[in-house]
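Working notes, structure below.
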Amino acid sequence: MQLIDSDRVMKRVGRTTVLRDISFQLNEGERVALTGKNGSGKSSLLKWIGGLYEETSGHVERQLVIVGYVPEMFPETVRATPRQFLRAMGRLSNRSSRQTYVRMIETYADAFGLADVLDRPLKRCSKGTRQKVGIIQALLHEPDVLLLDEPLTGLDEEGKRQLVRIIEQLPKRVAVVFVTHDRSFIESVATRVVTIADGTIVKDQVVSPSASYQTIAVSISDAQQLDGISYVHGLFVSEERVELTVERDEVDDVLLELLTRGCSIHSVTEKETL
Amino acid sequence: MMGRWTIVQLQSFSRSYRWVAPYVSFLAMLGIVYAYRGLPVLSSYAVTSVIVYVFAVWLTMLVWTMEQTSERHIVQTHVASKRTYWYGKGAASFLVVCPLIALALVVPLLAGNFRETGPLHWYVLASMSHVVLAWCGVVVGTACYGTGLATKKYTVLVALGLIVYSLSFDVLIETYPFVAITSWVTPPLFRVLRHLTEGESIVWTSWIVDGWFIGCFFVISFYMLRHAFHRYES
């Protein structure tokens, strides 16, 4: 289903034209990366896609969808703990019962490693923690379109991995549009890359998430042998045999660690997608 | 949805402690107004109505400036409508003024500051006066901080100017009749306050005429401010 179809959209803010001649379509399930230089209009385009900006001129057809938005910088004026803020957003969303969104908060907090800071005032949390809270509030919304403006800002490596996993685990119908300069994130997630310059789209190409992962088939004697091993996904083929999906850059380290722990490597193969 | 958004705002507002300065200042003003005993009922309530009006502008400003742009965008995606966001701001602005209205009405009664008890309709008039002037304050505050004016450096001066203009409108219109053209968009304070000083009986025809102007003011300002907010947010 096509979510947005626009033709020659222009957006002016004051006297400045931030978007011009935008003919953009967004379909269900697409993972769109917006790239371009600083000040090229990426964030403006993202906000326009989400309906936060309205076009000054041009033709747009939008489906009524639920939008989740993650700003580039989590607001600093929020006087609440992560738990209080997320519960407030969950209450506003009205998409699920209180029990459900409370459970979702706990689940995402565990996934992002925030369980220990849920009750710490946000102004005393690190930038990365606030960024994770910003991501979780959008996910609570169970959006049809998820908009992420520089979502990796402040995230550590584990946080980035978690974000990739979470995006991959979203329902297939969910469209994700994100602004980023991180090449590996684009390669991991994007099915389409839109390049913007001077407020207009200069390139729009379909891509496939590159083979940035490899699968290691390994025999283990005990599941505890995998504790602390850095892998994205683990599939137990049998009690003793597991297939680990590992980022390409970490394959050597993982292999060395498995061998040191007495595991037996069967094969290492390329993985097209997660 | 609007109800939930209003509740979330009230919770944020209470946690922010931004209410402390206006509430404490208001209590101090009440203390000054009711420093003496044997005061006339309606005239005293007229004074506190004006004070509520001024503080309503201040509190509305605080409610509108609670969020940064990024938080506003987050909330707007959750409430799924900029219009709901705007309505919620108006509701929250009035609700944070309500405690001041209650204090203004109740404190002099509890403290026994009035020279007489007076008929029930005095207190009905006083309550209506406080509520209407509170909404006038919300309108002025929204005009300054819920529109594109909010981004200007001189917004506070504009708010103060509007307060002074509306308070002195009754006098200005006598001296400069041409200002009457702004009467539809000027908070009709004098149309409310003159009923608190007219004596012991309600002049219903006068109330109906003034009620009509007050209603028109709120309808016109509602649509104008909503449109201005929409243009600003777009």
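The values are calculated or read from the model by the stated rules, or taken from the named source; none is laboratory data. Note that the structure is predicted; figures quoted are calculated from it, not measured. We place every Cβ from the backbone using ideal geometry, glycine too, and count neighbours over all the protein chains shown. Note: accessible area is taken over every heavy atom of the protein model, side chains too, but ligands, DNA and RNA are not part of it. Shrake-Rupley method; radii C 1.70, N 1.55, O 1.52, S 1.80 Å.
Net charge of the neighbourhood of B:His230, taken over other residues with C-beta under 9 Å away and scored Lys/Arg +1, Asp/Glu -1, is +2.
Each peptide among B:68-75, B:210-217 gets the average number of other Cβ atoms lying within 10 Å of its residues, and from highest to lowest they stand as B:68-75, B:210-217.
Counting only DSSP beta bridges with both residues in the protein assembly as shown, the antiparallel share comes to about 65 percent.
For the stretch B:131-234, the set of GluC sites (Glu not before Pro) satisfying both a DSSP loop assignment and a count of at most 15 other C-beta atoms within 10 Å is given as B:Glu198, B:Glu200. Protection proxy ranking, highest mean first, for peptides A:238-245, B:78-85: B:78-85, A:238-245, where packing is the per-residue count of other beta-carbon atoms within 10 Å, averaged. Sorted from longest to shortest, the spans of the Cα atoms of the protein assembly as shown along the three principal axes equal 98, 51, 34 Å. Of the listed residues B:Lys89, A:Lys132, the order by accessible area with a 1.4 Å probe, largest first, is A:Lys132, B:Lys89. Give the percent of DSSP beta bridges with both residues in the stretch A:2-206 that are antiparallel, rounded to the nearest 5. Antiparallel bridges make up about 50 percent of those DSSP assigns within the stretch A:2-206. Chain A against chain B buries an accessible area of about 2300 Å², both chains summed, 1.4 Å probe radius. Each residue was assigned an accessible area with a 1.4 Å probe, and for B:Val140 the value is about 10 Å². Computed from the C-beta positions of B:Met224 and A:Glu106 and an R0 of 35 Å, the FRET efficiency is 0.15 to the nearest 0.05. Of the residues in the stretch A:125-149, those shielded by at least 10 Å² of accessible area once partner protein chains are present, compared with the chain alone at a 1.4 Å probe, are A:Gln137, A:His141. By the combined test of axial Cα extent (at least 27 Å) and Kyte-Doolittle hydropathy (mean at least 0.0), the qualifying DSSP H helices of chain B come to B:41-64, B:82-111, B:120-145, B:204-233. Per residue, the convex hull spanned by the alpha carbons of the stretch B:2-233 comes to 136 Å³.
Cross-link pairs exceeding 24 Å between alpha carbons, from the set B:Lys89/B:Lys153; A:Lys132/A:Lys172; A:Lys37/A:Lys160; A:Lys11/A:Lys172; A:Lys42/B:Lys152; A:Lys47/B:Lys153: A:Lys11/A:Lys172; A:Lys42/B:Lys152; A:Lys47/B:Lys153. Of A:Phe236, B:Phe94, B:Phe178, the order by accessible heavy-atom surface (1.4 Å probe, DNA, RNA and ligands excluded), from most exposed downward, is B:Phe178, A:Phe236, B:Phe94. For the stretch A:2-206, place one equal point scatterer on every Cα, skip the solvent, and apply the Debye formula. What is log10 of I(q)/I(0) at q = 0.10, 0.11 Å⁻¹? Rounded to two decimals, the profile gives -0.42, -0.51.
Report summary: the helix-based calculation at 222 nm, which adds -39500 (n - 2.57) for every DSSP H run with n ≥ 4 and divides by the residues of the protein assembly as shown, gives -16500 deg cm²/dmol.
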